[in-house]
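Each remark here refers to the structure printed beneath this line.
Throughout, read-outs are computed from the coordinates displayed, never taken from laboratory work. No experiment lies behind these values; they were computed from the predicted model shown. Glycine also receives a Cβ, built like all others from the backbone with ideal geometry; neighbour counts cover every protein chain displayed.
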Amino acid sequence: MSGSIVLFGPPGAGKGTQAGRIVDLTGKPQVSTGDMLRTAVKAGTKMGAEAKVYMDAGLLVPDSVIIGLIEERLTQSDAVNGVLFDGFPRTIPQAESLANIAVVESVISIEVPDDAIVERIVGRRMDPETGDIYHITFNPAPSEVESRLIQRKDDTEDTVRARLEAYHTQTAPLAAWYSERGLLISIDGNQPINQVGDAVEDAVRTTMSV
Ligand code: AP5
């Protein structure tokens, strides 16, 4: 089982929330371009400073930057048996570049309507120590970690609307691109977290023979 999995869907669909279950099931490392970019922003690198302008505006970071990050990440030894891509690819040029450097075996699309997305994103809280993802209503954090939770800078209502616009114009067409290649499996993401997780696990078991 040496291929990679793509976790696909709009911002706030639950990709990060469900990634852990796939990592546990397959042993493949999670490769989140959003997390990689936030690490670069925090480290104050030149690339991070450039990416931050796009991220704060809810726009996609240019393909050349993202493809460079992924090419470098895939040279690491833990990627040899495939990885779980979270939030990548997000444009057709990114998917074409990926097809040249890795084998994608399964694309799991978590589908959530726009009206549910805004509430999910505005209520999201992150634990900076563990990376755990919570929601003030749908997945409250335990009281002992509450005081250290942070809100992502791009998790505002205005920025979410820009991110959704970028998703519909630049990313959503990828669903048809992967469907034409027989790789897309769609999950109803508009149900409780555990039920989405069960459906995601079923999709992985069906398509990856784990
Ligand atoms: P990125 O970090 O990838 O953000 P995103 O795709 O917008 O996705 P999110 O992390 O917001 O959502 P998610 O699907 O992981 O949802 P989560 O599980 O947290 O990208 C950020 C930015 O970086 C982009 O805007 C862009 O600028 C740049 N970027 C990144 N990758 C790029 C690329 N490849 N190309 C170009 N630019 C790129 O869940 C959200 C909330 O909902 C949480 O609070 C959670 O608790 C809750 N929740 C989850 N599931 C459920 C459920 N079933 N029911 C109720 N609540 C739920």
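Each of 156, 91 was scored by other Cβ atoms within 10 Å of its Cβ. Arranged with the fewest first, they read 156, 91. Our helix-only sum for the chain, with -39,500 (n - 2.57) per DSSP H run of n ≥ 4 divided by its residues, gives a mean residue ellipticity at 222 nm of -14500 deg cm²/dmol. For the range 157-187 versus the range 39-66, the spacing of their alpha-carbon centroids is 20 Å. Where both bridge residues fall in the chain, DSSP classifies roughly 25% of the beta bridges as antiparallel. Over the range 36-133, Cα pairs under 8 Å with separation of 6+ residues give a relative contact order of 14 percent. Relative contact order of the chain: 32 percent, from C-alpha pairs under 8 Å at least 6 residues apart in sequence. In terms of other Cβ atoms within 10 Å, 105, 165, 72, 144 run from fewest to most in the order 144, 72, 165, 105.
What you get for the chain, charging only the Cβ of Lys and Arg (+1) and of Asp and Glu (-1), is a dipole of about 380 debye around the Cα centre. Applying 1/(1 + (r/R0)^6) with r as the Cβ-Cβ distance of residue 64 and residue 137 and R0 = 45 angstrom yields a FRET efficiency of 0.70. In a DSSP loop and with at most 13 other Cβ atoms within 10 Å, the trypsin sites (Lys or Arg not before Pro) in the range 106-210 are 153, 181. Among 132, 24, the ranking by other beta carbons within 10 Å of each residue's beta carbon, starting with the fewest, stands as 24, 132.
Relative contact order, whole percent, for the range 30-80 stands at 24, derived from Cα pairs under 8 Å and 6 or more residues apart. Based on every Cα atom in the chain, Rg and the maximum pairwise Cα distance Dmax equal 16.3, 47 Å.
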